[in-house]
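The values are calculated or read from the model by the stated rules, or taken from the named source; none is laboratory data. Keep in mind it's a predicted model, so treat the numbers as computed, not measured. As a convention, Cβ positions derive from the backbone with ideal geometry for all residues, glycine included, and neighbour counts pool all protein chains shown. Surface areas here come from the heavy atoms of the whole protein model, side chains and all, with no ligands, DNA or RNA. Shrake-Rupley method; radii C 1.70, N 1.55, O 1.52, S 1.80 Å.
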Amino acid sequence: KMVIKANGNVGINNTSPAKKLEISSPTSGDGILLTGDGTGGGMSTGSYRSIGFSYTDTDTSYGSEMKFEIPDSANHGGQISFWTDEITTGNSVRAMTISRSQNVGIGTASPGQLLHLNSGSTVTTTDANNMLLLTRNNHSYILFSCPDEKDSGIHFHNTTDNSFVGRIAYSHEAAGDK
């Protein structure tokens, strides 16, 4: 069942939609499905379907967008990317990617590790032992911040016997860092 209210709200299986579009279903797994090319064929490499959000009614660009992409149609599986307007130019830029291998990239279209944070570098690595990859075309740091009388650092853990086996730590003393 579908209803279009006098205020323009549309309800699918919902006779009193409070938002512009409301879809109701008691069935788990129901939702919205964007499919192939409409002819029974699949989507081609490089194509995508998207959901966009615009800031104004007259702005033809999206304020943000979520894309469902097909990076390689020969191999099943797509990826999801999130796009935002670049703050100084207003151009649409890729902010985050979840690849079909479940790697997450911020600032990259092709995350090479479980979590890949990139700021302008083209250098990548696919060492399977790395879970975190930080790349940048300038100085690169990790910031640990905490108040006086507290420590910052990295712990090393052994999953075999569930024990901590080492750490790199810095202690922030009350009288200032020494």
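Residues of the stretch 160-178 that are of a type in the set (Ser, Thr, Tyr) and either touching a Ser or Thr at 6+ places or on another chain (Cβ under 6 Å) or modelled with pLDDT under 80 (or both): TYR170 alone. Checked against the criterion of being surrounded by 11 or more Cβ atoms within 10 Å (Cβ to Cβ), of a type in the set (Gly, Ala, Ser) and modelled with pLDDT under 85, the stretch 126-149 has at least one qualifying residue. Would you be able to say whether some residue in the stretch 45-59 is at pLDDT 85 or above, open to solvent by 60 Å² or more (accessible area, probe 1.4 Å) and within 22 Å of the chain's Cα centre (by Cα)? Among the residues of the stretch 45-59, not one is at pLDDT 85 or above, open to solvent by 60 Å² or more (accessible area, probe 1.4 Å) and within 22 Å of the chain's Cα centre (by Cα), which makes the answer no. Contact map, the stretch 1-12: first residue under 22 Å from PRO26 (Cα atoms), second residue surrounded by 10 or more Cβ atoms within 10 Å (Cβ to Cβ) and of a type in the set (Gly, Ala, Ser), Cβ cut-off under 6 Å, separation 6 or more or different chains; pairs are VAL3/GLY11. Scanning the stretch 17-27 for residues that are over 12 Å from LYS1 (Cα atoms) and in a loop (DSSP other than H, G, I, E, B) turns up PRO17, ALA18, LYS19, LYS20, PRO26, THR27.
Tell me yes or no: at least one residue of the stretch 94-107 is of a type in the set (D, E, K, R), over 30 Å from ASP72 (Cα atoms), out of contact with any Leu (no Cβ under 6 Å at 6 or more places or on another chain) and in contact (Cβ under 8 Å) with a residue 12 or more places away in the chain. No. Restricting the stretch 99-125 to residues that are open to solvent by 60 Å² or more (accessible area, probe 1.4 Å) and under 21 Å from THR45 (Cβ atoms) leaves a set whose member that is modelled with the lowest pLDDT is THR124.
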